Amino acid sequence: MGKRTPIAELVAVAGSFGPASAAAKRRLLDEIVRGRPGSRRELAPLHEVLGFLRAYPDDAHVLRAVEAVIGALRGWFAAAGMEADAPPLADTGLPGSVVRGEFSLPLLRRMNRALPGCVEIDWGSLEADEPLLNALGLLLTGSEGQGLDDIGIGTAEWFAACRPASCPTDLAFLMELFDRSPLAAAARDVLFDSCGLTARYSLAEPGTGRCEIAWPVERIHYQRKPLDREWRSIAAAVRQPLPAVRRLPAGEGERFVGFAQRTLAARGLEIRTLSYANARDVSVARCGRGVDIALIGVVPEYRDPLESHYCSFVLQNGVPIGYGPSTVSLGCCEIGLNLFPEFRGAEVRFLYPQFTRVLHHVLGAQYFFLTPYGMGEDNPAAIRTGAFWFYRRLGFRPTNPEVECLAQDEEQRMTADPRHRSSAATLRRLSHTFVYLDLSGGACRPLDLGGIGMRQSRFLARIEGGNRARALARCLRQVSRVLGRRKLRTLGAGERRAWELWAPILAAIPDLARWGAREKGRIVEILRRKGSISELGVDRLLCAHERLRRALQTL
């Protein structure tokens with residue numbers, strides 16, 4: 001066997017902590033920065049381990065050495081003399097490389113505005129021209145569309161011939177066509193998604209590479225002891241008071257949203273709640289040991305009536321290590337925390353209870369659940385990681401009694417033989433269930449949102465002869481009259497939209513007109529808060545309105 005390289009030695013020692021490990025890391029990092037990687041293939045594992053060490057530095061000397069190597073990476077990539085999107089470093093997020101992703105129109109628009117020309121259509125991955133041609137037919141003038149049909153050239157050739165000089169890329173031209181179309185914003189977003197485009201995101205600008213992205217923090221937590229891998233009770237963590245949560249000012253919130261979007265884009269990822277992020281609704285909770293958890297709300301025009309959607313971001317010493325959607329409704333929260341691969345073997349058993357603690361104290365969540373997909377149904381990654389058993393150790397239980405019986409049988413086998421592990425086939429059988437953790441004492445249960453939606457559709461079909469426009473207008477008039485708010489034209493756009501979303505739901509409550517003035521006034525307050533800058537606290541108001549909660553559960 002050949003001698004191990006400094007990079008291989010650094011990867012081997014990265015997860016160890018203590019004086020000897022810290023000294024070894026400092027020596028290896030200094031050796032790497034002086035000698036640079038010997039081959040292109042060494043850059044990818046070096047890049048991975050640098051992100052981990054930046055999040056979990058042993059001491060200030062190790063952190064400075066890590067930052068020195070990160071600062072040199074971009075030059076090393078350029079010196080490697082390879083194309084930015086060529087294997088083996090394409091889609092790694094290395095500074096200077098290219099990442100591909102199926103990004104939404106709002107995200108691409110923001111990326112292109114921040115770094116003009118950084119995103120382009122990946123024409124080589126376009127499987128069919130027809131969806132894009134259909135979209136162009138709605139965006140171009142009639143004669144242009146006819147010409148595109150008749151001349152018989154591909155879309156890439158059309159863009160090459162017709163893109164104006166003011167647009168640096170084909171994608172910038174396409175986004176301009178979308179932005180100038182008369183379609184509503186939501187319709188434009190859906191139409192863009194239907195085109196099936198993959199974008200090439202260039203990480204050419206400093207600060208865009210994966211390991212370069214970090215949020216500034218006042219104090220670094222140094223990892224002087226081995227990582228905490230003990231199982232902890234979520235219930236115990238939730239009961240711990242949370243220090244004051246800081247609401248970021250609008251300017252800082254805008255910078256944080258950009259930071260979060262760059263973090264995911266550098267990995268070819270996107271989460272839709274973040275694509276419609278509200279820079280004026282960003283809160284950050286300090287959880288100790290260098291862990292910060294941020295919650296980012298959505299702008300009023302993309303909110304749902306019965307759910308409050310937030311994007312969660314987990315930072316370790318300012319380094320983004322995980323993310324997930326957090327949706328709360330009547331105290332029930334669909335939970336999901338996706339740790340980035342280089343951090344999955346770290347302190348997830350500490351992080352998950354802290355994550356639920358923040359969701360409880362900030363969003364008011366008391367009942368947490370995951371879908372079968374999270375357990376592994378049609379999700380090979382969750383099967384490989386044994387997600388069912390991870391969540392069971394945290395206290396989650398299946399809603400499917402057959403799965404619970406199977407889980408108990410497996411636990412008996414593990415007790416009899418500690419070496420026993422569930423097979424992939426068994427894990428797939430265990431995945432066919434929702435799982436839940438109820439900290440409400442039985443007070444909270446998830447709403448049947450599908451049932452409410454169907455009830456609303458049938459209700460609208462029965463009034464005004466099935467004319468939906470007239471039916472919706474009638475619901476709005478009726479509800480505003482019953483709740484004593486007739487002059488909706490004077491409301492702001494966000495609050496007006498909240499009334500429009502809620503009107504058909506409230507109109508379907510048979511006895512709403514007989515409710516007391518105080519009960520009606522509390523509904524008005526819920527709608528006001530739903531359409532305000534932040535919808536934090538809306539779900540607590542919903543939970544506290546016992547009569548409205550019962551009516552929604554009945555629907």
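In the range 288-330, how many residues are among the hydrophobic types (A, V, I, L, M, F, W, C), in a loop (DSSP other than H, G, I, E, B) and over 28 Å from GLY442 (Cα atoms)?
First, the residues of the range 288-330 that are among the hydrophobic types (A, V, I, L, M, F, W, C): 291, 293-296, 298-299, 306, 311, 313-315, 319, 321, 328, 330.
Those left that are additionally in a loop (DSSP other than H, G, I, E, B): 299, 306, 330.
Narrowing further to those that are over 28 Å from GLY442 (Cα atoms): 299.
Residues flagged as among the hydrophobic types (A, V, I, L, M, F, W, C), in a loop (DSSP other than H, G, I, E, B) and over 28 Å from GLY442 (Cα atoms) within the range 288-330 amount to 1.
From the list GLY374, GLY336, GLY331, GLY386, exactly one residue is farther than 29 Å from ILE296 by Cβ and buried (at least 16 other Cβ atoms within 10 Å of the Cβ). Which is it? I'd like the intermediate steps shown before the answer.
Details: GLY374 fails: farther than 29 Å from ILE296 by Cβ; GLY336 fails: farther than 29 Å from ILE296 by Cβ; GLY331 fails: farther than 29 Å from ILE296 by Cβ.
Being farther than 29 Å from ILE296 by Cβ and buried (at least 16 other Cβ atoms within 10 Å of the Cβ) holds for just one of GLY374, GLY336, GLY331, GLY386, which is GLY386.
Would you confirm whether any residue within the range 445-466 is closer than 30 Å to ALA236 by Cα and open to solvent by less than 50 Å² (accessible area, probe 1.4 Å)? Checking the range 445-466: at least one residue is closer than 30 Å to ALA236 by Cα and open to solvent by less than 50 Å² (accessible area, probe 1.4 Å). Among the residues making up the range 283-307, a single one is modelled with pLDDT under 95 and of a type in the set (Ser, Thr, Tyr): TYR302. Does ALA285 satisfy the criteria of being aliphatic (A, V, I, L, M), in contact (Cβ under 8 Å) with a residue 40 or more places away in the chain, open to solvent by less than 20 Å² (accessible area, probe 1.4 Å) and not in a strand (DSSP E or B)? So ALA285 does not fit the description; no. Note on the range 253-282: among residues that are of a type in the set (A, V, I, L, M) and open to solvent by less than 10 Å² (accessible area, probe 1.4 Å), the one that is nearest to the chain's Cα centre (by Cα) is LEU274. Within the range 8-19, residues that are among the polar types (S, T, N, Q) have Cβ atoms under 9 Å from residues that are open to solvent by 60 Å² or more (accessible area, probe 1.4 Å) in these pairs: SER16/PRO226, counting only partners at least 6 apart in sequence or on another chain. In the range 254-269, the residues that are touching a residue at least 60 places away in the same chain (Cβ under 8 Å) and assigned to a helix (DSSP H, G or I) form Cβ pairs under 8 Å with partners that are surrounded by 23 or more Cβ atoms within 10 Å (Cβ to Cβ) and among the small types (Gly, Ala, Ser), at six or more places apart or across chains, as follows: ALA260/ALA277; ALA260/ALA294; GLN261/ALA277.
For the range 48-64, state whether one or more residues are open to solvent by 10 Å² or more (accessible area, probe 1.4 Å), at pLDDT 90 or above and at positive phi. Within the range 48-64 (the criterion being open to solvent by 10 Å² or more (accessible area, probe 1.4 Å), at pLDDT 90 or above and at positive phi), the answer is no, since none of the residues qualifies. Mind checking which residues of the range 54-69 are closer than 16 Å to VAL217 by Cβ, part of a helix (DSSP H, G or I) and either free of Cβ contacts under 8 Å to residues at least 40 places away in the same chain or under 29 Å from the mean Cα position of the chain (by Cα) (or both)? The answer is ARG54, ALA55, LEU63, ARG64, VAL66, GLU67. So, in the range 66-115, of the ones that are in contact with a helix residue (DSSP H, G or I) (Cβ under 9 Å, 6 or more places away or on another chain) and β-branched (Val, Ile, Thr), which residue ends up nearest to GLU176 (Cα to Cα)? By that ranking, first place goes to VAL99.
Does ASP438 count as in contact (Cβ under 8 Å) with a residue 24 or more places away in the chain, open to solvent by 30 Å² or more (accessible area, probe 1.4 Å) and acidic (Asp, Glu)? So ASP438 fits the description; yes.
Just to confirm my filter: which helices (runs of 4 or more DSSP H) fall fully inside the range 472-555 and include at least 3 residues that are free of Cβ contacts under 8 Å to residues at least 40 places away in the same chain and either surrounded by 15 or more Cβ atoms within 10 Å (Cβ to Cβ) or touching a helix residue (DSSP H, G or I) at 6+ places or on another chain (Cβ under 8 Å) (or both)? Walk me through how you get there before you give the answer.
Details: elements: 493-507, 517-530, 538-544, 546-554.
Of the helices (runs of 4 or more DSSP H) lying wholly inside the range 472-555, those with at least 3 residues that are free of Cβ contacts under 8 Å to residues at least 40 places away in the same chain and either surrounded by 15 or more Cβ atoms within 10 Å (Cβ to Cβ) or touching a helix residue (DSSP H, G or I) at 6+ places or on another chain (Cβ under 8 Å) (or both) span 493-507, 517-530.
Of the residues making up the range 127-155, those that are more than 20 Å from ARG109 (Cα to Cα), touching a helix residue (DSSP H, G or I) at 6+ places or on another chain (Cβ under 8 Å) and open to solvent by less than 30 Å² (accessible area, probe 1.4 Å) number 3. Where helices (runs of 4 or more DSSP H) fall entirely within the range 158-252, those with at least 1 residues that are open to solvent by 40 Å² or more (accessible area, probe 1.4 Å) and hydrophobic (A, V, I, L, M, F, W, C) are at 185-194, 234-239. Looking only at the range 389-413, residues that are surrounded by 14 or more Cβ atoms within 10 Å (Cβ to Cβ), closer than 11 Å to LEU430 by Cβ and over 20 Å from the mean Cα position of the chain (by Cα) come to 9 in all.
Pairs meeting the criteria (first residue in the range 124-140 and in contact (Cβ under 8 Å) with a residue 40 or more places away in the chain, second residue of a type outside the set (Lys, Arg) and open to solvent by 50 Å² or more (accessible area, probe 1.4 Å), beta carbons under 6 Å, at least 6 apart or on different chains) are PRO131/SER194.
Let me confirm something: among GLY297, GLY324, which residue is touching a Cys at 6+ places or on another chain (Cβ under 9 Å), open to solvent by less than 10 Å² (accessible area, probe 1.4 Å), within 20 Å of ALA186 (Cα to Cα) and of a type outside the set (Phe, Trp, Tyr)? One residue alone meets the criteria, GLY297. The single condition from (1) in contact with a Leu (Cβ under 7 Å, 6 or more places away or on another chain); (2) on the phi < 0 side of the Ramachandran plot that LEU330 fails is (2).
The values are calculated or read from the model by the stated rules, or taken from the named source; none is laboratory data. Not measured: the values here are computed from a predicted model. Every residue, glycine as well, gets a Cβ built from its backbone with ideal geometry; the counts of neighbours run over all protein chains shown. In case anyone asks, the SASA skips ligands and DNA or RNA and just uses the protein heavy atoms, side chains included. Shrake-Rupley method; radii C 1.70, N 1.55, O 1.52, S 1.80 Å.
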